[in-house]
Amino acid sequence: MDTKLFVVQDIEKDAPLLQEAADILKRGGLVAIPTETVYGLAADALNPEAVKKIFAAKGRPADNPLIVHIAEFEEIYGLASQVPESAKILAERFWPGPLTMIVPKGESIPDITSAGLPTVAIRMPSHPIAREIIRRSCPLAAPSANLSGSPSTTTAQHCIHDLGGRVDAIVDGGECRFGVESTVITLAGEKPRLLRPGAITLEELRDALGEVEMDKAVLSQIDPGERVSSPGMKYKHYAPKAKVVIVDGDSESFLRFLNEQTGEGIFGLVFSGEEERANKPCVVYGENDEDVTQAHRLFAALRELDERGAKLVYARCPRKEGVGLAVYNRLLRAAAFEEITL
Ligand code: AMP
Ligand code: MG
């Protein structure tokens, strides 16, 4: 199929393009849209035929449920069978923004959207383009707009690379602000539990709700066949073609380690400035001690490593708290959980 590209620079001036994107979605088509986290591959969340196309275009396993995106808080009542008090507290603090809440699902949600689970994931994005498209269309199921298993997309160019010819349209709204997918918290169990870290941190969630547990799958590998709370966490993820190994150590010891390695196609995935002291080619992902910049750059850096033909990548380890926990969680999956401590 021909994929249309809509370059949106101004919400008002480019309103006809946003309307065209919304019309495609209302007709059951697929449109990649920018959000403040990563690009999303959107379809009408309440139309099973439309949602089916998302799974096909991404090659996404059918048991991996989708996040439903809304533009106003009140829409949650049409999608959830129950809205816990904790959801209202979190929405008040963090919506619109990079936080997804899992709540008991309402009857309007087709099984394919929730992958047969009795719950539904809901988020209200803050990106003006995403919000305007939702307003002009309907609640949108939108997983990350990448081929399943690849790093998520943070620019329209990444979307064209992965999904050109497989979707009806791509809306180019520039680079995504945060660069990692939303924080996912479940409010459907006994206690709130973090399923996926993101730009809204565990510390911030605890500040809002008191006790919040962290799911074991955030930092450890799930055994095949093991039951998981968030099906997405059991799959291979974010992986470039190169083998990635995380190296936990300070700047000095990391560089000493990298410089001692020998072999073909070895790259460093490093923090800004370190590339100058390395004797191997390097790709930079953010600043040392600035996890927000690391999150912003990580997926683009993983894609760049592929473009440059890296075979084996030694990656600097981010800090394991704050937004760094989100960066570490993604990097762990890109590295298939392989980590060396110096
Ligand atoms: P993505 O769409 O790529 O951002 O991935 C969505 C993530 O949310 C995946 O890890 C899913 O497993 C998770 N998710 C979506 N819906 C649910 C749900 N009802 N219960 C638990 N996890 C969910
Ligand atoms: Mg994804």
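Computed from the coordinates by the stated procedures, all read-outs in this text should not be read as laboratory data. Please read all numbers here as calculations on a predicted model, not as lab measurements. So basically every Cβ, Gly included, is an ideal-geometry build from the backbone, and we count neighbours across all protein chains shown.
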Determine, yes or no, whether A71 is in contact with a Leu (Cβ under 6 Å, 6 or more places away or on another chain), touching a residue at least 60 places away in the same chain (Cβ under 8 Å) and surrounded by 20 or more Cβ atoms within 10 Å (Cβ to Cβ).
no
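Results for (1) over 12 Å from the mean Cα position of the chain (by Cα); (2) within 16 Å of ligand 2 (Cβ to nearest atom), shown as yes or no for each residue.
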| residue | (1), (2) |
| --- | --- |
| P128 | yes, no |
| P139 | yes, no |
| N146 | no, yes |
| Q157 | yes, no |
| V167 | yes, yes |
| G173 | yes, no |
What are the residues in segment 123-144 that are near ligand 1 (Cβ under 9 Å from one of its atoms) and either in a loop (DSSP other than H, G, I, E, B) or more than 24 Å from D23 (Cβ to Cβ) (or both), if any?
A142, P143
Could you figure out which of (1) within 16 Å of ligand 1 (Cβ to nearest atom); (2) buried (at least 24 other Cβ atoms within 10 Å of the Cβ); (3) assigned to a strand (DSSP E or B); (4) not basic (K, R) isn't true of V103?
(2)
In segment 219-242, which residue that is surrounded by fewer than 16 Cβ atoms within 10 Å (Cβ to Cβ) and away from ligand 1 (no atom under 16 Å from the Cβ) is farthest from L298 (Cα to Cα)?
G225
How about segment 190-205: which of its residues are more than 16 Å from ligand 2 (Cβ to nearest atom) and touching a residue at least 12 places away in the same chain (Cβ under 8 Å)?
K191, P192, R193, L194, I200, T201, L202, E203, E204, L205
Restricting segment 293-314 to residues that are without any contact (Cβ under 8 Å) to a residue 40 or more places away in the chain and over 20 Å from L147 (Cβ atoms), which is surrounded by the most Cβ atoms within 10 Å (Cβ to Cβ)?
Q294
Could we say that C317 is in contact with a strand residue (DSSP E or B) (Cβ under 8 Å, 6 or more places away or on another chain) and either more than 22 Å from H237 (Cβ to Cβ) or exposed (fewer than 15 other Cβ atoms within 10 Å of the Cβ) (or both) here?
no
Flag for E36 being away from ligand 1 (no atom under 12 Å from the Cβ) and touching a His at 6+ places or on another chain (Cβ under 7 Å):
yes
Filter segment 58-100 down to the residues that are more than 16 Å from ligand 2 (Cβ to nearest atom), outside any strand (DSSP E or B) and aliphatic (A, V, I, L, M) and list them by number.
I70, A71, I76, L79, V83, A87, I89, L90, A91
